[in-house]
Amino acid sequence: MSTAASSPSIRVDQFFTAAEARFDRWRSLLDAARTWAVRADSDSTPVLAAFRELRQWEDYFAYPGPALLRDLEERLTSRDATGTVRLVQLINAALLTHSYRSNAADWEGEEQTARFGERLPGADELLHRPYFEVLVVTPMRRDAWPEIAQEYKTLRRAQDKFIYELVFVGSVEDAVLASILNGNLESVVISDGIPFASAHNAPVLREFLLANLAPNAFSARSGQQTLELARALKQIRPELDIFVLSGSEVEKVAGDPVAAECIRRIFYQVEEPLELHLSILDAITDRFDTPYFDNLQKYAQRPMGTFHALPVARGKSIFKSNWIRDMGRFYGMNLFLAESSATTGGLDSLLEPTGNIKVAQEKAARAFGADHVFFVTNGTSTSNKMVEQALLAPGDIMLVDRNCHKSHHYGAVLAGALPLYLEAYPLTKFSMYGAVPLRSIKKALLELKAEKKLDKARLLVLTNCTFDGHIYNVERVMEECLAIKPDLIFLWDEAWFGFARWSPFYRRRTAMGAAAILERKFKDPAYRAAYEEQRKKLGADFDPANPELLKTRLLADPDQVRLRIYQTNSTHKSMSCLRQGSMVLVKDQDYHTVEEQFHEAVFTHASTSPNLQIIASIDVARRQMELEGYELVNRAIQLALDVRREVNSHPLVSKYFHVAGSDEMIPEEFRASGFVDYLVPGVNWGTAVKSLREDEVALDVTRLTLVCGSAGFDGTQFKNLLAAEYDIQLNKTSRNSVLLQTNINNTRSDIAHLLKVLVTISQQIEAKLQRGGAEAQQAFAARVKSLMDDVPDLPNFTCFHNSFRKYPGSATSEGDMRSAFFGAYREEQCDHVKLSSPEIDRRLKEGPELVSANFVIPYPPGFPIMVPGQVINWETIDFMRKLDVKEIHGFTAALGLKLLNPSYLEAASGRGRVGVEEPKRAAA
Ligand SMILES: Cc1ncc(COP(=O)(O)O)c(C=O)c1O
């Protein structure tokens with residue numbers, strides 16, 4: 001039998017390809033079988049080879065299962081070409097459409113299917129029962145497996161809400177591989193006494209997956225193998241329900257702390273299988289239940305007289321209307337039946353949840369690995385402001401990426417916190433920013449320490465991943481920052497990255513994934529010993545002037561650190577949730593000290609009329625991700641890789657377009673593992689996982705920067721073209737690129753459509769260049785040059801004007817942005833100066849300084865190039881003058897730049913305070 005390593009055509013060792021590769025293998029078998037069947041005398045070697053290639057991986061799936069595979073093998077060996085085609089066709093279709101989940105005939109082969117066509121649909125088809133698979137890890141001999149499977153089938157009852165099939169494996173390695181390859185798995189039953197090594201020869205998978213995806217899981221390969229396997233599976237897929245069947249040592253296993261963490265229930269080996277069957281279903285029910293959504297459905301079905309203020313509730317004002325009935329027809333009755341402004345009748349209150357919203361939030365906390373979760377119905381824009389208001393008091397320093405979402409800048413204004421802006425590395429060529437280098441963050445913290453202001457630094461805010469897909473090494477950032485300031489709080493804005501929890505590759509780079517790693521790390525005696533070593537070299541209380549600190553990977557003092565981590569995510573951006581659905585995740589060991597102010601912040605920002613449908617959809621999004629997130633996310637990642645490969649290798653399309661790889665998006669110094677890109681030859685699971693574990697910055701492959709400047713389009717132009725002519729929607733653009741993204745909603749057809757459109761556009765460019773001759777070609781080249789080469793430098797943040805700095809001489813540049821912001825509320829304290837006016841050039845040369853009165857945010861690139869109170873320099877003006885975008889928030893060309901005027905600034909700094917002046921009282 002060929003192996004993953006020895007056969008170049010098997011791509012299971014390649015990144016993320018598991019599920020789609022399986023479909024492709026069945027497709028290849030079908031093609032080979034058809035060719036064979038056309039000429040019955042022809043060589044069957046290709047079919048046999050395709051079957052062998054596929055066969056070794058099928059043990060990890062319940063369908064088609066051993067009986068059908070045996071049948072297929074017999075048809076092959078007896079040279080029944082037509083029969084082979086028929087059976088492969090049936091299996092192929094069942095896999096692609098997932099019909100095997102509900103169609104009993106698919107399991108019995110083609111003859112049954114013919115009969116099935118004639119019979120009436122059974123209860124399963126009429127009443128959809130979700131299907132899943134249970135992995136049984138057992139030392140029993142293979143020939144006993146069918147009998148056990150049959151025994152469990154007899155336990156099925158008509159009232160079971162779900163239906164499952166068993167998949168058997170006989171080793172620890174196979175169990176790990178099955179959990180990776182088979183997205184249908186929801187539960188695992190592990191028996192004592194299983195051998196470690198797989199019977200399959202899959203060295204690449206073994207070497208990389210076990211070492212990288214479940215590191216340290218198998219420290220001692222003897223003894224507690226059952227528990228080690230449970231822990232490894234939970235590291236890979238935390239949502240799996242794990243049951244253990246233990247022999248004589250059942251109590252010992254039950255008493256182990258790993259069991260408490262990882263195992264749902266332990267059974268004595270020989271007990272009733274019915275108990276296990278019911279426990280498996282009960283565990284799935286626990287994930288399936290959506291307390292708020294379920295109750296809302298019940299509420300909608302009850303006859304209800306409403307005397308509260310929401311005319312659309314129950315829909316009578318709509319369905320009986322002479323004029324707006326179409327709204328009712330469009331949305332359907334349920335939307336209105338499920339509308340209410342009541343918090344009684346089991347609808348609970350989002351602001352003060354005590355019932356099913358509370359339970360729904362607790363379930364979300366379990367799913368996302370947080371201690372607490374808050375549902376938010378006004379988007380992450382609001383979630384961010386809530387967290388910032390809850391954690392920051394006026395005068396606290398908030399270290400924040402200047403390129404972050406505007407909600408954070410406004411959060412600082414509202415809280416009165418002093419933003420200390422950190423600069424991300426620029427990607428000038430695409431007119432965008434990447435991530436903030438860890439070195440810059442450490443430097444800022446050390447400077448604050450040197451200035452004796454570290455106690456004021458309370459919160460670090462970073463965007464993970466960024467709009468363009470830069471993912472931090474979250475664990476390392478927090479660990480090194482905590483080494484300098486052990487009680488620093490982190491807010492990870494994962495607006496785009498909520499889905500990442502369900503990818504074992506990305507999870508470690510999420511706030512909650514990294515929190516779990518750090519929690520374990522800080523309890524580890526080996527870490528403590530390493531910290532002691534560091535302490536001997538660098539001292540416990542770092543000298544901020546010590547240059548070694550910036551060069552060393554710092555370890556935090558495990559006795560001092562406080563893990564205080566917050567994450568916000570736009571559930572609506574990456575999961576099946578209605579627009580504006582967002583969550584705040586909390587993993588803060590000192591949460592009790594801020595709980596009250598957290599609730600105040602919720603009261604400040606949350607609407608008192610939250611949308612019930614949004615709350616319900618957050619609840620449902622959690623259910624989906626906990627049950628099928630693993631498979632869906634893997635598919636989204638796979639599709640993104642497909643787009644990258646297809647675009648970059650297409651002979652015509654790649655002449656004009658390409659998707660930027662990791663090497664273009666992330667400077668080399670942040671890719672210490674040597675990782676270049678997902679598509680370069682030789683990259684496999686191992687290299688990619690190594691990069692995700694070690695590199696300072698990694699690229700989220702689902703965020704695709706498609707360079708269109710080389711086709712003569714600026715980002716906005718290309719975005720509009722795709723929308724107007726080809727019904728393709730996207731949102732972010734840069735000067736010479738557009739951002740495409742794949743998510744759990746995309747299919748292979750979407751990818752095919754996109755590629756077809758790119759081919760059409762490329763053909764049009766070719767035709768136009770040919771028709772227009774040398775002149776058109778020169779014009780095209782000039783346009784491409786201007787878009788791709790003549791790109792303006794991105795301006796850095798300068799500093800706040802001295803009037804807004806408590807210590808103007810300080811090396812750190814935090815400032816009182818709130819005072820500057822409100823300073824602009826009085827017209828007489830502001831001036832407008834036209835961007836092109838010589839007055840600007842004169843003041844830049846001779847003064848007085850130009851000080852922005854407000855935020856100026858051009859789209860693209862979408863970050864504030866001026867904030868209130870910021871001193872404006874040449875670079876900023878130059879960038880503004882070269883900007884050729886139409887949408888610039890905070891700037892009206894006809895009026896010019898809005899500046900705080902010198903007399904106001906002088907008076908303000910003279911008085912040592914700034915802000916809105918008290919209106920003068922009239923003389924008595
Ligand atoms: C990084 C980041 N954070 C927060 C937000 C705001 O999220 P929402 O649209 O859910 O309010 C966005 C929106 O694009 C964003 O890009």
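Here, each number is a calculation from the coordinates, and none is a lab measurement. Because the structure is a prediction, the values reported are computed rather than measured. All Cβ positions, even for glycine, are placed from backbone atoms using ideal geometry, and neighbour counts span all protein chains on display.
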- prompt: With a ≥ b ≥ c the root eigenvalues of the C-alpha gyration tensor of region 253-398, is it rounded (a/c under 1.5), prolate (a/b larger than b/c) or oblate?
  reply: oblate
query: Remind me, relative contact order of the chain in percent, using alpha carbon pairs under 8 angstrom and six or more residues apart?
result: 10
query: Straight-line reach from Lys453: which lysines have Cα under 21 Å away, leaving out those fewer than 8 places along the same chain?
result: Lys442, Lys443, Lys485, Lys806
statement: Heads up, region 329-433 by the C-alpha gyration tensor (a ≥ b ≥ c square roots of eigenvalues; a/c under 1.5 rounded, else a/b over b/c prolate, else oblate) looks prolate
task: With N set to the residue count of the chain, report its C-alpha Rg divided by 2.2 N^0.38 Å to two decimal places.
output: 1.04
- prompt: Applying 1/(1 + (r/R0)^6) with R0 = 25 Å to the Cβ-Cβ distance of Ala894 and Ala723, what FRET efficiency is obtained, to the nearest 0.05?
  reply: 0.30
field: Protection-proxy order for peptides 839-847, 632-640, 480-488, 245-253, each taking the mean of Cβ atoms within 10 Å per residue, highest first
entry: 632-640, 480-488, 245-253, 839-847
- request: Please report how far the C-alpha centroid of region 885-910 lies from that of region 796-810, rounded to the nearest whole angstrom.
  value: 17
- line: Listing Lys834, Lys719 by rising number of other beta-carbon atoms within 10 angstrom, fewest first, gives Lys834, Lys719
field: Rg/Rg_ref, region 497-594, where Rg_ref = 2.2 N^0.38 Å and atoms are Cα
entry: 1.39
Computed lengthening from Asp790 to Gln297, 0.36 nm per intervening residue step minus Cα-Cα distance: 171.8 nm
Residue-span extension gain [Asp371 to Ala104] - 0.36 nm each, minus C-alpha spacing: 91.9 nm
- prompt: To the nearest 0.05, how large is the calculated FRET efficiency for Glu766 and Arg52 if R₀ is 41 Å and r is the Cβ-Cβ distance?
  reply: 0.40
- request: Among Phe522, Phe368, rank each residue by its count of other Cβ atoms within 10 Å, from fewest to most, as a rough exposure measure.
  value: Phe522, Phe368
query: Hey, can you rank 720-732, 658-670 by average C-beta count inside 10 Å, highest first?
result: 658-670, 720-732
field: Rounded to 5, percent antiparallel among DSSP beta bridges of the chain
entry: 50
- prompt: In deg cm²/dmol, rounded to 500, what helix-only [θ] at 222 nm does the chain give when every DSSP H run of at least 4 residues adds -39500 (n - 2.57) and the total is split over its residues?
  reply: -13500 deg cm²/dmol
Within straight-line cross-link reach of Lys756, aspartates and glutamates at Cα separation under 15 Å, skipping those fewer than 8 residues along the same chain: Asp642, Glu646, Glu725, Asp727
task: Would you order Tyr506, Tyr331 from fewest to most other beta-carbon atoms within 10 Å of each residue's own beta-carbon?
output: Tyr331, Tyr506
query: Thinking of region 600-756 as a set of Cα atoms, what percent of all their pairs are more than 20 Å apart?
result: 61
statement: Of the listed pairs Lys406/Lys785; Lys234/Lys363; Lys363/Lys587, those with alpha carbons more than 21 Å apart are Lys406/Lys785
- prompt: Sorted by mean Cβ packing within 10 Å, highest first, what order do the peptides 749-762, 402-415 take?
  reply: 402-415, 749-762
query: Bin by bin, in steps of 5 Å, what percent of the Cα pairs in region 415-488 do you find, going until the bin that has the longest distance?
result: 3, 14, 25, 23, 18, 10, 5, 1
query: Could you give the angle, 0 to 90 degrees to the nearest 10, between helix 18-38's Cα long axis and the longest principal axis of the Cα atoms of the chain?
result: 40
statement: Listed by chain and number, the lysines with an alpha carbon less than 16 angstrom from that of Lys834, same-chain partners under 8 positions apart left out, are Lys882, Lys898
field: Shape of region 733-774, Cα gyration tensor, a/c cut at 1.5
entry: oblate
task: At 25 °C and 0.890 mPa s, grab the translational diffusion coefficient of region 644-686 from Stokes-Einstein with a Kirkwood Rh over Cα pairs, rounded to a whole number in µm² per second.
output: 213
